[in-house]
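**Student:** Here it is, the structure in full.
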Amino acid sequence: MQTAPFDYYRPDTVGEAVDLLTSVEGARPIAGGHSLLPAMKLRVANPAALVDLGRIPGLGEITRSGDSLMIGALATHAAVAASEVARADCPILSEVASHIGDPQVRNRGTIGGSLAHADPAADYPTLMRTIGATIHVTGPGGAERSISADDFFVDIFTTGLAAGELVTAVEVPVMRAGQGSAYVKHRHPASSYAVVGVAAIVTVDGGSCTAAAIGIGGVTGKPERAAAAEAALVGQAPTGDAIAAAAATVAGDLANPIGDLYASGEFRVHLASVLTKRALADAFGNASA
Amino acid sequence: MTATQRAFGSSVLRLEDPRLITGKGRFTDNLSRPGMAHMVVVRSPYAHALVKRVDASAAVGMPGVLAVYTGADMAAAGFGGIPCAWVVPDSDTRTPEHPPIAIDTVRYVGDAVAIVLAESEPQARDAAYAVDVDYETLGVVVNAKAATEDGAPLVHDDVPGNQCFHWTVSGGDVEAAFSEADVVVGETILNQRLIPTAMEPRAALADWDSSMESVTLWVTSQNPHIARFLLSLDTGIPEHKIRVVAPDVGGGFGSKIPHYPEDSMVIFASQKLDRPVKWTETRSENYLATIHGRDHVEEVEMAAKSDGTILGLRAKTWANLGAYLSTASTGVPTILHGLMLSGAYNIPAIHEDVYGVFTNTTPVDAYRGAGRPEATFMVERLVDLVARELSMDPVDIRRKNLIEPFTEGHEVATGLIYDTGNYEPALDQALEMFGYEEARKQQAEARAKGRLVGIGVVTYTEICGLGPSEVAGAVGFGGGLWESAIVRFHPSGKVHLMVGVSPHGQGEATTFAQIVSDQLGVATEDVEVIYGDTDQTPMGWGTYGSRTTPVASGAIMGAIEELKEKGIKIAAHLLEAAEADVEFHDGVFSVKGSREEGLSIQDIVLAANTAWNMPEGVDPGFEASSFFNPSNFVYPFGTHIAQVEVDPETGEIEFQRYVAVDDCGPIINPMIVEGQIHGGIVQGAAQVLWEGAHYDDDGNLLTGSLMDYAIPKAEFLPKFELGKTETPTPVNPLGVKGVGETGTIGSTPTVYNAVMDALAPLGVKQVHMPLTPERLWRAMREAQQGGN
C-alpha cells in the first residue's frame, strides 16, 4: 500500500517552507503525517508535493512566557504530555495530550498539525476553544499574525488559515488559583478518536463559580462552546443540581450535529450533555481553593 | 523438559516462538524469487454491474508494467471457475459459475475485473489506478431475507429468488411440542456479519517451471493439500505437478481455508510471463476480498413446560452466502449449525429450515466457530428467554435440562451422537469460581441503587474434531477428513514428524513434539514438526474445525505404536531376549527387571539406521507412517459466566468478569490450551460488543477499515478466570477434544446474556449486536417510555 508519486521538499526555515508552499503547485505541508499519510495511502489525498516541516529547528519548544505557555507547532503529543512546564502550569494541556490516540500517534503527531487539520474528532481543538488559545501563524513574505481559537476553527477540516500560512506556535493561558479543569471523552472503539469530547475549565471563588468555559468536540463540524451552560453556572454554587441543570442546556448550542454508523447526531448531543456533567464535576472537584 | 517430568500435560514454551517473536518468521510476503513480478488486482467499486469495457491502454504504457489481463484472458488460457467444495445434500443447491476474474458481470464491491503485472508492486498499483473500466450498474441486494422476496434483484440470473439451497433438519414431533407447551418464547436474531481480520493478510506467490510444467504456490493457507486438490480442478495443472507451500501463516480463523481466485490468478500470470509472480493484499482489500463470517437472520422459538422442561425448538434461518459460493460456504450454516441445535440439553423435538441466499456482498464462509456460535447463541438465548418468562434462575433451568453424564454416546434429536459428556461438574466449578450466589446478592443490591449489573451463564457443547470421512461424504463435503503422519528418526536420534495438517498460530509444532517426547522419551527440542508443504508432508485435510490435534494425534499415535513395536523387536534381538520379555519405558528398551542394562531409543534408532545387525524379517530404518480416520466427531463442553455493568446514561458497557470452565479432554499443553480459550473468548465477546460489518443499500462496505471496524483492544477486556474438567473421548487414542473454537462458541451467548440480564430491570428484552452504546441507550430509553 503506497501513495501516488509526489515531490518532496525539506526546508530548514519557516520562511523557506512558506515560499515552497506558495510557489510549488499542489504542495502541502506535512509534520507528523498521521492524518495526511493514511489519506495519501488510500489515494484520497494526492498532493503533488510535500513540504516536510519536521527538520525546522526550534519549532517544537514549550516555554512559559508571562501568563502564557507557548507551544511550538512541532511539539509532539508525547512531548506536551511529558512537559514539566505544561504539567505544572497548564495540567489540562498535558492531560489531553497524554490521551490522544495511542503511543505511536503521540510520538509522531504534532500540536500544529492537529490544529491545522481541524478534525472534529480530535482532542486539541476542543481544548483550544475552551481555554481561549491563540494560534500564531506565518504567511507569505514572513507576515505573522495571531488567530483566536474562536476564529481559527471554521468547519470540518476547515480553518481560518489563509493560503500559504503555517501554524508556528500555540499560546494558552496558564491556570490560575481557583481554577479547575477536566477533559472527558467517549472514544470510538476502532479508531480511538473522540466521538464526543468535552473540556471544562471553571473558576471558583468563595464557594461559587465565577467563570466557566465548556468546549464540546465531535458533535458538529468544529469545537463549540456551551455558552448557555457556562452562563448558567456563573454565580452558582457548584452543586450536583447546578451542574446537571447546566449540562442539560448544551443541546441548544449544538445545532446540526454530525452522525455516522457508530453514533448518530442525536446520540452525540446526548453524550455531550452527559460528558459535560461529568467534566464539570471533575473540574469543580479539582479546582484549587 | 527434565527426564522426570512428562511432556504430556506440561506448559512447554512454544518451540516456534523464538523465531516468530524476533522477526524471523517467514511469511509468504517475506519470500522473493529471482525475476519475480508483482500483481495488483483491479477491483469493482460497484456491488452489481455489467462490465462494458476494460481499457488498459493507459496502464500498459506506464513504467515497469508488464501486462494487464482480464477474465477473458484467463478463460482463454483454460482456467475455469473457482470450485466450491461443499454442496449440502438433500437440497436443491445451485452452484453458479465463479470466474476468478469477472468476465461480464461484477457481483460485489471488490470483485476482480483485471490484474496488473509489473516489475514492482508500486508500479503495478499505480497502473491499476489507470485501468479504465466502464460499468453499467445493476440492482443491488445485501440482506439475505430481503434477497428472497419477490422483485429482489437477482445476483445470478440462473438462481431464481437468489436461493442457493433450502436445507432442513428435523427430529421429534415439533408440532406436538409447541401445542403442548405451557410457554413459547421467540425472537428474531440478527447474527451479524463479521470480518475475520487475521493479522497477516492473504498473499500468494506462484513460480511456474516451464521445463517441468509444474508450479509451486506459496500461499497463506490453512490447508495446502486441499488447495492443491482444488487448484488442479480450475487451473488445468495436474495435481502431481502442483506444489503448495503454506510457510508461516499469521492467523486464519477460517478465512484461509478457501481456495481464492487470486491463487489461480498468480499461477496464470506466472505461466503467461514465465516469471514468478507475487500478490499480497492490502488491509482494505482483505476487508473486501477475503471471506466474511456469520450473517444470519434467524426466526427462533422454544417451547417449554411451566417447570422449565424444554419441549422443542424451531427456527427459520436465512444465511447470507455473499455473491459466490466459497469453498465451504454451504456446510457452515447447515451441518455445522442446524445439527447442533440441541446444545447441551435434552430437547426432544427440533426443526430448522435454512435458506442459503446469494447477495451482492463479499462471500461468507467459515469464521472461528463456523455455524456453531450461531447455533449456541440461538439455544442459549432461548433458554434465557424461557427462564425469564418463568422467573427461573438461568442456572436452574440449565441444570434441569442438561443431558445426563454419558460415556458411550448420546443421540440428540438432530441425529448427532455426542461422544462423551459430563456437564454438571463444569457448571458447578464455574459457579464456585464465580461465587455465583454472592454475585447475585451483590447484583440485587446494585439494582436497588439503580445500577445495571448483569450476569450471563451458558452451558454449551459443540461439535469439532472434523471428523469421520464417511460422514464428510454423507453431508456433501468434497473431501475426506482423516489425517496422516510420518515419524522419521534420523541416525543421531533426532526426529522429523511430518503431518498433513497445517497449523498457523495454534502451536502444534510444540504440542505434537510433546506427544512424541512423551511417548518415545526423546526431548521435545529433538522433534521438528514439518507441515504446510505438499511436497514434504503426507496427505491431510488441514487445520480448521478444531480438528488438528484430535485427528492428527490419532495418526501420530499410530506411527508411534508401530515404532514401539519395531523397537521392541530390535531391542529383543540385540539384548538376546524374547520380545515378550522386553519393555519400553521413558525412552529405554530393557528386559524386565534390568533397566540399567537396557538400550536407549537412540541406541535402537542408530542400530536400525545402520542395519548392521537387524533381526530376521525386520526392515532397516526407524520410520513409520500412519493414517487415522476418526470414528466420530468430538464434543467439548463447558460453562461460561460473564459479568457486565451498563452505564445507564451513556449505554457504555464495562466488561467486569469472565469465568470459563471448559472440558476438552486430557490437556497436552495447558498454556497453549489457555491461549486458545482466551483468543476464542475475545472473538466471541467482540461479536457481542464491538464487531459488525455493515453494508449500505448500494452494497458499499461502510466498515471497510480498522478505523471503522472495531476489533477489541486488550484494555477492553477483563482478566479471564479459567477452570477445567477432563472428560476423555474414545474417538482418538489420546482421548483429546478440540479447543480452538470453544471460547468463541461459549462466549458469544454468555456476554450477550449478561448484558440482557443487566437491562432486564428496565424491561429491555433484545438489542441487536454489536451492542454499541447508542443501541443500548435507545433500547433503555424506549423501554422507559414503555416501548421495546
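**Student:** Go through (1) touching a strand residue (DSSP E or B) at 6+ places or on another chain (Cβ under 6 Å); (2) under 22 Å from B:P503 (Cβ atoms) and name the single condition B:G735 misses.
**Tutor:** Against the list (1) touching a strand residue (DSSP E or B) at 6+ places or on another chain (Cβ under 6 Å); (2) under 22 Å from B:P503 (Cβ atoms), B:G735 comes up short only on (1).
**Student:** Pick from B:A685, B:A779, B:A760: which is of a type in the set (G, A, S), part of a helix (DSSP H, G or I), surrounded by 17 or more Cβ atoms within 10 Å (Cβ to Cβ) and over 25 Å from the mean Cα position of the chain (by Cα)?
**Tutor:** B:A779
**Student:** Something else now. Filter the stretch B:60-74 down to residues that are touching a strand residue (DSSP E or B) at 6+ places or on another chain (Cβ under 6 Å) and closer than 17 Å to B:D126 by Cα, then give me how many there are.
**Tutor:** 7
**Student:** Let me confirm something: among A:A4, A:A48, which residue is in contact (Cβ under 8 Å) with a residue 24 or more places away in the chain, exposed (fewer than 15 other Cβ atoms within 10 Å of the Cβ) and among the aliphatic types (A, V, I, L, M)?
**Tutor:** Result: A:A48 is the single residue among A:A4, A:A48 that is in contact (Cβ under 8 Å) with a residue 24 or more places away in the chain, exposed (fewer than 15 other Cβ atoms within 10 Å of the Cβ) and among the aliphatic types (A, V, I, L, M).
**Student:** Out of the residues in the stretch A:213-248 that are of a type in the set (D, E, K, R) and under 20 Å from the mean Cα position of the chain (by Cα), which is farthest from A:F157 (Cα to Cα)?
**Tutor:** Once the filter is applied, the top-ranked residue is A:E230.
**Student:** I've got another one for you. For the stretch B:759-766, indicate whether the set of residues that are within 14 Å of chain A (Cβ to nearest Cβ), on the phi < 0 side of the Ramachandran plot and of a type in the set (G, A, S) is non-empty.
**Tutor:** The answer is no; no qualifying residue exists.
**Student:** Looking at the stretch B:114-163 only, could you name the residues that are among the charged types (D, E, K, R) and within 30 Å of B:N191 (Cα to Cα)?
**Tutor:** B:K145, B:E149, B:D150, B:D157, B:D158
**Student:** Which one is nearest to the other protein chains (Cβ to nearest Cβ), of the residues in the stretch B:688-706 that are outside any loop (DSSP other than H, G, I, E, B) and closer than 21 Å to B:I641 by Cα?
**Tutor:** Restricting to residues being outside any loop (DSSP other than H, G, I, E, B) and closer than 21 Å to B:I641 by Cα, the top hit is B:L689.
**Student:** Step by step: first the residues of the stretch B:707-719, then only those that are out of contact with any Ser or Thr (no Cβ under 6 Å at 6 or more places or on another chain), in a loop (DSSP other than H, G, I, E, B) and at the interface with another protein chain (Cβ under 10 Å from one of its Cβ atoms), then the one that is surrounded by the fewest Cβ atoms within 10 Å (Cβ to Cβ). Which residue is that?
**Tutor:** Applying the filter and picking the extreme gives B:K713.
**Student:** Failed condition for B:E649, given (1) assigned to a strand (DSSP E or B); (2) under 30 Å from A:R268 (Cα atoms); (3) of a type in the set (D, E), with all others met?
**Tutor:** It fails just one condition, (1).
**Student:** Can you name the residue in the stretch B:617-649 that is within 14 Å of chain A (Cβ to nearest Cβ) and in contact with a strand residue (DSSP E or B) (Cβ under 7 Å, 6 or more places away or on another chain) and is also farthest from B:S553 (Cα to Cα) among such residues?
**Tutor:** Per the criteria, the residue is B:P648.
**Student:** Also, quick follow-up: How many of the residues making up the stretch B:227-236 are crowded, with 21+ Cβ neighbours inside 10 Å and touching a strand residue (DSSP E or B) at 6+ places or on another chain (Cβ under 8 Å)?
**Tutor:** So the count comes out to 4.
**Student:** Would you mention how many residues in the stretch B:390-429 are of a type in the set (A, V, I, L, M, F, W, C), under 23 Å from B:H337 (Cα atoms) and in a loop (DSSP other than H, G, I, E, B)?
**Tutor:** Adding up the residues that qualify gives 4.
**Student:** Checking A:A4 against (1) touching a helix residue (DSSP H, G or I) at 6+ places or on another chain (Cβ under 6 Å); (2) within 14 Å of chain B (Cβ to nearest Cβ), which single condition isn't satisfied?
**Tutor:** (1)
**Student:** Tell me, yes or no, whether the stretch B:245-262 has at least one residue that is touching a strand residue (DSSP E or B) at 6+ places or on another chain (Cβ under 6 Å), in a strand (DSSP E or B) and over 29 Å from B:E121 (Cα atoms).
**Tutor:** no
**Student:** Ok, one more. Being basic (K, R) and surrounded by fewer than 24 Cβ atoms within 10 Å (Cβ to Cβ) narrows it down to one of B:R368, B:R372, B:R440, so name that one.
**Tutor:** Criteria check complete, one pass: B:R440.
**Student:** For the stretch A:249-265, give me the residue count where each residue is under 25 Å from B:S705 (Cα atoms) and either over 23 Å from the mean Cα position of the chain (by Cα) or buried (at least 18 other Cβ atoms within 10 Å of the Cβ) (or both).
**Tutor:** The total comes to 4.
**Student:** Okay, moving on. Could you check, for the stretch B:604-620, whether at least one of its residues is out of contact with any Gly (no Cβ under 7 Å at 6 or more places or on another chain) and part of a strand (DSSP E or B)?
**Tutor:** No: the stretch B:604-620 contains no residue that is out of contact with any Gly (no Cβ under 7 Å at 6 or more places or on another chain) and part of a strand (DSSP E or B).
**Student:** State whether the residues of the stretch B:320-330 include one that is in a helix (DSSP H, G or I) and under 30 Å from B:A203 (Cα atoms).
**Tutor:** Among the residues of the stretch B:320-330, not one is in a helix (DSSP H, G or I) and under 30 Å from B:A203 (Cα atoms), which makes the answer no.
**Student:** Any idea which of B:V133, B:V109, B:V169 is more than 30 Å from B:P348 (Cβ to Cβ), part of a strand (DSSP E or B) and touching a residue at least 12 places away in the same chain (Cβ under 8 Å)?
**Tutor:** B:V133
**Student:** Taking only the stretch B:263-304 into account, find how many residues are of a type outside the set (D, E) and in a helix (DSSP H, G or I).
**Tutor:** Within the stretch B:263-304, residues that are of a type outside the set (D, E) and in a helix (DSSP H, G or I) number 16.
**Student:** Tell me which residues, restricted to the stretch A:172-202, are part of a strand (DSSP E or B) and surrounded by fewer than 19 Cβ atoms within 10 Å (Cβ to Cβ).
**Tutor:** Listed by number, the residues that qualify are A:P173, A:R187.
**Student:** Got a sec? Which of A:A212, A:A247, A:A226 is within 13 Å of chain B (Cβ to nearest Cβ) and modelled with pLDDT of 95 or more?
**Tutor:** After ruling out the rest, the residue left standing is A:A247.
**Student:** Right, another one. Within the group B:I672, B:I668, B:I653, which residue is more than 9 Å from chain A (Cβ to nearest Cβ) and touching a strand residue (DSSP E or B) at 6+ places or on another chain (Cβ under 6 Å)?
**Tutor:** The conditions single out B:I653.
**Student:** Please pick out the residue among B:L20, B:L117, B:L50, B:L15 that is surrounded by fewer than 21 Cβ atoms within 10 Å (Cβ to Cβ), in a strand (DSSP E or B) and not charged (D, E, K, R).
**Tutor:** From the options B:L20, B:L117, B:L50, B:L15, the qualifying one is B:L50.
**Student:** Being within 14 Å of B:M302 (Cβ to Cβ) and part of a loop (DSSP other than H, G, I, E, B): is that true of B:A387 here?
**Tutor:** So B:A387 does not fit the description; no.
**Student:** Taking into account only those residues within the stretch B:471-500 that are among the β-branched types (V, I, T) and within 19 Å of B:D518 (Cβ to Cβ), which is surrounded by the fewest Cβ atoms within 10 Å (Cβ to Cβ)?
**Tutor:** Checked the stretch B:471-500; the qualifying residue surrounded by the fewest Cβ atoms within 10 Å (Cβ to Cβ) is B:I486.
**Student:** Sort through A:G206, A:G217, A:G197 and tell me the only one that's in contact (Cβ under 8 Å) with a residue 24 or more places away in the chain and more than 14 Å from chain B (Cβ to nearest Cβ).
**Tutor:** Criteria check complete, one pass: A:G217.
**Student:** Have a look at A:D155, A:D151 and point out the one that is away from chain B (no Cβ under 14 Å) and free of Cβ contacts under 8 Å to residues at least 12 places away in the same chain.
**Tutor:** A:D151
**Student:** Oh, and also: Would you pick out the residues in the stretch A:226-248 that are more than 13 Å from A:A279 (Cα to Cα) and buried (at least 19 other Cβ atoms within 10 Å of the Cβ)?
**Tutor:** A:A232, A:L233
The values are calculated or read from the model by the stated rules, or taken from the named source; none is laboratory data. Remember, predicted model here, so these are calculated numbers, not experimental data. Because the Cβ atoms are built from the backbone with ideal geometry, glycine has one as well, and the counts that use them run over all protein chains shown.
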